[in-house]
Amino acid sequence: MKSDLKIKDVSLRSPFTLAPMAGFTDVAFRSICTEAGAGLTVTEMISVRGLLYGQQATNDLLYTQDNETPKAVQLFTNEPDMLRDAVQLPILQKFDIIDINMGCPMPKIAGNGMGSSLLKNVDLAKYLVESAVLHTKKPVTVKMRIGIQGMSVSPLDFAKALQDAGASALVVHGRTREQMYTGLADWDMINQIASTLTIPVFGNGDVWTPEDAQKRLDASECAGVCIGRGALGNPYIFSKLTHTPFDYTPMQVIQKHFDILLRYHPMELVLPYMRKHLGYYIKNIKGCKEIRDKINRSLDLDEIMYLLSLAFDENKKK
């Protein structure tokens, strides 16, 4: 699928992008989704403080595959000067886009004045964007939510302020901070923002199927649709939307996921980490709870792959 969509001077492969998700959008999953047709991938949230202090755990989140293009790195902070320094770090130069998180609702982020809590401080939010824009030639984007208790301006005015500060695009998650990941995303508000701003706006929230994504794109003024939980265990969603050849069985996708992670991390880290991904890969298989329990008790990759192959083979027979 060809796309003429651009964020500043960065061309996207399609209007359907992979949302950043802490604990899930690892190097392997991003690479797989790129191969399946995702127009853009984004890292997990990266601590600016961790970057500047050279923390290995932070740097480990920055691995990329050669096929992952275009790609964005998502940063979180509430300190403009630190963000200014971070965007100039050599380790970030391989990324095409700098994304600032203003949407995370989790207490350890929002409770410390970052993520979605920035919605309550439009001046600081603008200053963060300006600090990044002035010190990198890369497009600077923001992922935001549509509200938080104590917000002093409307979501639309907040989005306009980010655009005025120099943001090249916005991803708008149609939930408030208080909703966390419950309730329905407000696509009317997303569309109001998309139809008012002149920069590309990507809608996010409640996109579970290819039909959902296409409908949201067609029925709104959004330039694209950002897919999060609907892609977990299901990179095929991008292939179906973009008609990109992706002829892998689920077992082959799982094997690829393991193989890529093992290039960067030892088995003792990869195995427990992958269990949450495996829960999504098998979620539509009959008896998935029992299979997941067996996988979670196993410490042997060969045994896990054998259990998975049996489960998928049984599923084919039904």
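List every residue pair whose Cβ atoms lie under 8 Å apart, where the two residues are 6 or more positions apart in sequence or sit on different chains, the first residue falls within region 248-260 and is free of Cβ contacts under 8 Å to residues at least 24 places away in the same chain, and the second residue, located anywhere, is among the basic types (Lys, Arg).
Short answer, once both residue conditions are applied: TYR248/LYS256.
Restricting the search to region 27-58, which residues are open to solvent by 40 Å² or more (accessible area, probe 1.4 Å) and either in contact (Cβ under 8 Å) with a residue 60 or more places away in the chain or of a type outside the set (Gly, Ala, Ser) (or both)?
Residues of region 27-58 open to solvent by 40 Å² or more (accessible area, probe 1.4 Å): 35, 49, 52-57.
Selection gives GLU35, ARG49, LEU52, TYR53, GLN55, GLN56.
Being in contact with a Pro (Cβ under 8 Å, 6 or more places away or on another chain) and over 20 Å from ASP9 (Cα atoms) is the filter here, so list the residues in region 193-225 that pass it.
ILE193, LEU217
If we scan region 145-154, do we find a residue that is within 12 Å of GLY103 (Cα to Cα), in contact (Cβ under 8 Å) with a residue 60 or more places away in the chain and either open to solvent by less than 40 Å² (accessible area, probe 1.4 Å) or touching a strand residue (DSSP E or B) at 6+ places or on another chain (Cβ under 7 Å) (or both)?
So in region 145-154, the residues within 12 Å of GLY103 (Cα to Cα) come out as 145-148.
From the residues that got through so far, the ones that are in contact (Cβ under 8 Å) with a residue 60 or more places away in the chain too are none.
Scanning region 145-154 turns up no residue that is within 12 Å of GLY103 (Cα to Cα), in contact (Cβ under 8 Å) with a residue 60 or more places away in the chain and either open to solvent by less than 40 Å² (accessible area, probe 1.4 Å) or touching a strand residue (DSSP E or B) at 6+ places or on another chain (Cβ under 7 Å) (or both).
Any idea which of VAL171, VAL207 is modelled with pLDDT of 95 or more, within 25 Å of MET106 (Cβ to Cβ) and assigned to a strand (DSSP E or B)? Break it down stepwise before answering.
Values: VAL207 fails: assigned to a strand (DSSP E or B).
None of the other options fit; the residue is VAL171.
Out of LEU197, LEU217, I need the residue that is within 27 Å of LYS283 (Cα to Cα), over 17 Å from the mean Cα position of the chain (by Cα) and open to solvent by less than 40 Å² (accessible area, probe 1.4 Å). Which one? So that I can check it myself, show each step before the final result.
Working: LEU197 fails: within 27 Å of LYS283 (Cα to Cα).
After applying the criteria, what remains is LEU217.
Could you check how many residues of region 220-247 are open to solvent by 30 Å² or more (accessible area, probe 1.4 Å), without any contact (Cβ under 8 Å) to a residue 24 or more places away in the chain and not in a loop (DSSP other than H, G, I, E, B)?
Matching residues across region 220-247 total 0.
Return the residue satisfying two criteria in turn: it lies in region 249-285 and is over 18 Å from ARG30 (Cβ atoms) and among the polar types (S, T, N, Q), and of such residues it is most open to solvent (accessible area, probe 1.4 Å).
Looking at the filtered set, the residue picked out is ASN284.
The values are calculated or read from the model by the stated rules, or taken from the named source; none is laboratory data. Bear in mind the structure is a predicted one, so any value in this text is a computation, not a measurement. We place every Cβ from the backbone using ideal geometry, glycine too, and count neighbours over all the protein chains shown. SASA here: full protein model, heavy atoms, side chains in, ligands and nucleic acids out. Shrake-Rupley method; radii C 1.70, N 1.55, O 1.52, S 1.80 Å.
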